[in-house]
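Values quoted throughout were computed directly from the atomic coordinates according to the rules given, and no laboratory measurement underlies them. These numbers come from a predicted model, not from an experiment. Positions of Cβ are backbone-derived with ideal geometry, glycine not excepted, and every protein chain shown enters the neighbour counts.
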Amino acid sequence: MRATVKQLRQSKAMRTVKNIARRFVVSLAPGADLWQLLGYESGQDEQERADDVEVFAQYGFASRPKAGSDTEVIVIKIGGESGHPAVIASRDKSIQVSLDGDEVAIFNSTGALVKICADGTIELGDAALGATDGVVHGTGIDPFTGSTYTALGNTSAVVRAKK
């Protein structure tokens, strides 16, 4: 059975829609430069690869993921199937941070963490800062002794900050 022109147009349109946004693995994360660029490649059955792909990020935020099989990106093709590829999101499946509703975290593969909690406290790795009464209070657990920093006398009465 021969396909009609309408069927051919619809199938091409469907391929274009399906290929606008896809998941890939980061294959290249070159050094720092003015424009953040990454390389990506597809997985098993289809082979698609690109280098020097522009990374779009939220204003005021930047990150450079590691290359490797655990780091995935979502790539859109601006203009359709053969359009200009751009990375719009990335994640590393091996690094996960648990968040409750209304929480935000900044973290990397070394375990460094800044977490803004729903109650207004800010966690810095194993330590926490809170200023719910207008005074900054710090808490944390010493990883070697298991005691709080306050119990060890390892705190400061002076906090310098600008508002």
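Summing charges over all other residues whose Cβ lies under 14 Å from the Cβ of residue 103, with Lys and Arg as +1 and Asp and Glu as -1, gives -3. Extending 7 Å from Cα along the Cβ direction at residue 91 and again at residue 144 yields two label points whose distance is 3.8 nm.
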